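Structure first, then comments.
The values are calculated or read from the model by the stated rules, or taken from the named source; none is laboratory data. Here the structure is a predicted model, which is why all the values come from computation and not from measurement. Virtual Cβ from ideal backbone geometry, glycine too; neighbours counted across all protein chains shown. Surface accessibility is based on the protein's heavy atoms, side chains included, excluding ligands, DNA and RNA. Shrake-Rupley method; radii C 1.70, N 1.55, O 1.52, S 1.80 Å.
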Amino acid sequence: MNKGYQSFIEHTGSRLSKNSFPTNTCFSTYRFSSESGTGYTSIYELNAFASICIAEHSYHRDFEYAIISDESISIHQYDSIDSDRSYLRGDVYSGLQYIGHTSDNELCRYVIKKNVPAKVIAVQLAPEYYETYLKKEIGINSTSLKNELQVFPHGISIPEISSIFNQIRNFKGNEHSTKLFFKSKIDELVAVIIQKADIFQNLNASVSVADRNAIIEIMAYMNSNLSKKFSLMDLSADAYMSVSKFKYVFKSVVGQSFSEYMTQKRMEYACELLSYSNLYIAEIADLVGYKNAGSFSAHFKKY
């Protein structure tokens, strides 16, 4: 187990549970319940190549802690969170994807806000993967790969990454099928990152920092209010842009159109509710912004 996960487990007083992660017993699941809050952290380690973490925590008060990192390439997706000072590049919010390289023994401070469940899925690639395996098998230089990661802005949403994470989260299999499946998904994840790095290299030059930050704030608001009906005119005004500029900047920053992004986020949340709650379809439809179950079902099937 890497130092970051070990540090968090110790800090929260988590204990290895006999009840493993719901969809895959190959994960090691650590649970905690204290005056600070409750939650679980499920970890799968793929030999020395990579680790996968799926976690959900909820705190009764602002929760602050610090961890020491291992050298790794991290790909995180926050399905729900309200946090600050998590990374040097900015706050962490619901819907954010983070792709970057962390150095060995780097100190990361976290503040997770109370009463907002922190739901995250993450893959951490160890040096054995990107300095040995990728170089030997594919001919990718690790220095070049680390440089390519720097083109990704703080706060992105790449639908292909969300899709891979959903497949990882929901996969059910035995020890051997899990190892094969997760290895293939990690390779696919890296392929997507390398592909998208070229695209973001061109996009980054065409959007100002102020416009990018405005879109990031809009995304955070949307992700926290998926049951609402959003008006492009209102959101554009909030971002101090015309509608046409808003649509262009949104796609440049996020990598997909406004409507594609909203559909993706609503359906991801719907999948989570369908899998892990006892709510009726009509209740789920309302929570993800659809007026009736029929309309939701039609969009869900299409998605």
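So the values come out like this:
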quantity: Boolean, SER142 is within 14 Å of the chain's Cα centre (by Cα) and surrounded by 16 or more Cβ atoms within 10 Å (Cβ to Cβ); calculated: no
quantity: Residue within segment 212-221 that is in contact with a strand residue (DSSP E or B) (Cβ under 6 Å, 6 or more places away or on another chain) and not hydroxyl-bearing (Ser, Thr, Tyr) present; calculated: yes
quantity: Residues of segment 286-303 classified as without any contact (Cβ under 8 Å) to a residue 60 or more places away in the chain and outside any helix (DSSP H, G or I), total; calculated: 4
quantity: Identity of the residue in segment 230-265, touching a residue at least 24 places away in the same chain (Cβ under 8 Å) and aliphatic (A, V, I, L, M), that ends up surrounded by the fewest Cβ atoms within 10 Å (Cβ to Cβ); calculated: LEU232
quantity: Helices (runs of 4 or more DSSP H) wholly inside segment 129-200 containing at least 2 residues that are within 25 Å of SER20 (Cβ to Cβ); calculated: 159-170
quantity: Those residues of segment 4-36 which are over 25 Å from LYS179 (Cα atoms) and either in contact (Cβ under 8 Å) with a residue 60 or more places away in the chain or among the β-branched types (Val, Ile, Thr) (or both), in sequence order; calculated: SER7, THR12
quantity: Residue in segment 277-287 that is at pLDDT 85 or above, open to solvent by less than 50 Å² (accessible area, probe 1.4 Å) and under 30 Å from ILE199 (Cβ atoms) present; calculated: no
quantity: Per-region count, segment 91-115, residues in a loop (DSSP other than H, G, I, E, B) and crowded, with 17+ Cβ neighbours inside 10 Å; calculated: 3
quantity: Hits in segment 158-173 (condition: surrounded by 15 or more Cβ atoms within 10 Å (Cβ to Cβ) and more than 13 Å from the chain's Cα centre (by Cα)); calculated: PHE171, GLY173
quantity: Test: LYS301 is under 28 Å from ILE54 (Cβ atoms), of a type in the set (D, E, K, R) and surrounded by fewer than 17 Cβ atoms within 10 Å (Cβ to Cβ); calculated: yes
quantity: Filter result for ALA118 (of a type in the set (Gly, Ala, Ser) and farther than 28 Å from ILE218 by Cα); calculated: no
quantity: Check on SER227, surrounded by fewer than 19 Cβ atoms within 10 Å (Cβ to Cβ), part of a loop (DSSP other than H, G, I, E, B), over 17 Å from the mean Cα position of the chain (by Cα) and of a type in the set (Ser, Thr, Tyr); calculated: yes
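The rows are residues; the columns are (1) crowded, with 19+ Cβ neighbours inside 10 Å; (2) at positive phi; (3) at pLDDT below 90.
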residue	(1), (2), (3)
PHE8	yes, no, yes
SER17	no, no, yes
ASN24	yes, no, yes
SER36	yes, no, yes
ILE52	yes, no, no
SER58	no, no, yes
ASP79	yes, no, yes
